[in-house]
1. Can you bin the range B:249-331 into rounded, prolate or oblate? Criterion: square roots of the alpha carbon gyration tensor eigenvalues sorted a ≥ b ≥ c, rounded for a/c under 1.5, prolate for a/b above b/c, oblate for the rest.
2. Past the 16 angstrom mark, what percentage of all C-alpha to C-alpha distances in the range A:109-151 do you count?
3. With a ≥ b ≥ c taken as the square roots of the eigenvalues of the C-alpha gyration tensor of the range B:88-129, please select rounded if a/c is under 1.5 and otherwise prolate if a/b is larger than b/c or oblate if it is not?
4. When a footprinting reagent is the concern and you count Cβ atoms within 10 Å, what order do A:Glu107, B:Glu10 take, fewest first?
5. Given 0.36 nm per residue, what is the gain on full extension from B:Thr13 to B:Lys357 after removing their alpha carbon distance, in nm?
6. Okay, helix-only estimate at 222 nm for chain B: each DSSP H run of n ≥ 4 adds -39500 (n - 2.57), divide by all residues, round to 500 deg cm²/dmol; what do you get?
7. If a helix is a whole DSSP H run, which ones in chain A reach 24 Å or further along their own axis (Cα) and hold a mean Kyte-Doolittle hydropathy of at least 0.5?
8. Report, to the nearest 10°, how far helix B:155-166 tilts away from the longest principal axis of the Cα atoms in chain B, using its own Cα long axis and a range of 0 to 90°.
Amino acid sequence: MTIRLGGIIAGLAITAVLVLWSLLPGAYNYAFGPAPEQQPSYAFYEHGEGPAGGFSFDGAFGKWDYAQLQRGYQVYKEVCAACHSLKFVSFRNLRQLGYTEAEVAAEAATWTIPGIDPTTGDQTTNPGKPTDAFPPVYYSGQGNPPDLSLITKARHDGSNYVYALLTGYGEPDPAKAAKVGFEVPDGLYFNKHFPNVNIAMPQPLSDGQVTYADGTESSVAQMSKDVAAFLTWTAEPSLVERRQTGWFVLGFLLFATTLAFLSYKQIWAGLKPKKK
Amino acid sequence: MSFAWAKQYEPQTALTKWLDEKLPLPRLVYNAVGAGYPVPRNLNYMWNFGVLAGFFLVVQIVTGVVLAMHYAANQTVAFATVEHIMRDVNYGWMLRYAHANGASFFFIVIYLHIFRGFYYSSYKAPREMIWLLGVVIFLLMMATAFMGYVLPWGQMSFWGAQVITGLFSAIPLVGESLQVWLLGGFSPGNAALNRFFSLHFLLPFVIAGVVILHIWALHIPGSSNPTGVEVKQESDTVPFHPYYTAKDGFGLGVVLILFTAMVFFLPNALGHPDNYIEANPLSTPAHIVPEWYFWPFYAILRAFTGDLSIPFTGIVLIPAKLLGVIAMFGSILLWFILPWLDKSPVRSGHYRPMFRKFFWFGLIPCMIALFVCGGAPAEEPYVVISQIATAYYFLHFLVILPIISQIEVPKPLPFSITDAVLGQDKAAEAPRTGSVDGGDTGTAPEGSLQPAE
């Protein structure tokens, strides 16, 4: 009885404190107080969609498009790598994109890797080896370009986000901007798919910027799609293997669970009352 | 302990006979989860989740021990070693995704197990000790899961550690020093990461120990059942093996299919993308949210937005933050006194019309609202909804349960489990062999496990 009485008193007390000091002032403020201030930039944000037709790896049966991954790697190397590192990926991983061992060694050698000369102790650079990771990038400008190894997993719906971001540059609607008093701050660029629409990265891609080895036309949309696919691979190299393993495991479990269900029914058959 | 009609272990081979004399481990297993444990015959699938929780504890320990072989608890390399596991360790991605989603599934089955306990009043006499140990396991699980989430050293790891240890800074006078002591620094750093790793490795084994006590305490009165009527006779029970090993085996298969679907097809759906950004003390994420299984309690923490002050004087008696911390810990700690708050002699919610209404139309919507608000940003209308839900949460357990257990008129209970399963007529035909009281007089014998009903 004491516990129940104490419980009732404690319960009423905590509810009274919550209702009188938090809920009522908050609800009053919500109903009659000033509306919360919104940044004018939010008027320009549009949720980014992925490329038309989606990616080859979308869906539970999706597969890599190796030609696309190789094109995406080319875009990374010729454009993104100027500012963005890829530190969790090694050159040896490029074997998974369909390159031969010799091609990977040759490709690695086109990169320079900072190192220390063991005889003099001086800082030096060496050509990359397949075992090396992609080198760090030192960036002298404003801002802080993120490492791209995991970027498609570090954003909601990352593959589509990267595509949308790269194709989202432009100018704000001047009439709307004048109405809400919005201006893109100095040193930032307008991108309707970036969360606060002002991004420090200038538009990185323009039509024809990369000359694809396989002759694909390098429109901004095409390059964006290719590099988004490549960055999906860098973030999750095991994506396709994972799903294939998953189908195998699911198939086995469906079989085993069916057996388990049948043996359960058989064992219980004598105990269950007959349905009327 | 067991019922008089429980099957006895009889070693068959020379080896098991020898073993039974020296160390009767097979006998222990036989009596714990084998044919020697008589279990009510009417358990529904809600009684599956204890076994499943044990299964996921084993999954977490096995995957966790292997992950620990490849992980380094050092703030300069922790994030990179997790990526090493994902990229270079053979099937490392499978281990890590199984471990991360295994934690989520552990909580899913534990929440179903707990709410089974709420609905069928599994906490009532004679099973209070099982319940109390269960709450201890839940608290240990929360601590373990929180510290495990810090180990990948992503943005949510770091800021989650900052926020959760910051709760202790709300304690008057010693709070700030306590937080520094817990973290081993002024913000989460190498000292915090190391001690969290050490404790994250230790606590699962502590949980396993308390689980053994939990099962031991369960075997004293035996399992509860959906009618809430205690076992009276042999026909009320079946041996755990093969009946419930078969049924639990099927349930395990179904849950494993769901688990596999998450691990292989949606491994990051329950996580937060920000945790794939390496911890950065200089960059605060826009919304700091804990893992989904803490959302209801996070909502209670944030529901207290106003200081408890004397009106018109500005004198603050209890700051809002401390109120929130008290409420959040109190919301779980009150489960410890639940067996003494709800004094209704009827256990099963099935036979309690009022309780049942408050459960389905009060507690369950309240928990869903708290869950949604805990994961949402601290904006209206989520704040007001979480405040209403928090108020109901405390009213439900502390005020409504004690009062309805006093005034409610329960529905008539079946005489026995056999009656409930077969119907009264058929049960009368069935021979009532091995009855506890030696006859079907319908009265509980002295010293029976039936509480005063």
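1. Cα axes put the range B:249-331 in the oblate bin.
2. So the portion of pairs separated by more than 16 Å is 53 percent.
3. prolate
4. B:Glu10, A:Glu107
5. 118.3 nm
6. -17500 deg cm²/dmol
7. Passing helices, by number: A:239-268.
8. The answer is roughly 80 degrees.
Where a number appears in this text, it was derived from the coordinates with a stated rule and is not lab data. Since the model is a prediction, treat every value here as computed from it, not as a measurement. Positions of Cβ are generated from backbone atoms using ideal geometry, with glycine treated the same way; all protein chains shown enter the neighbour counts.
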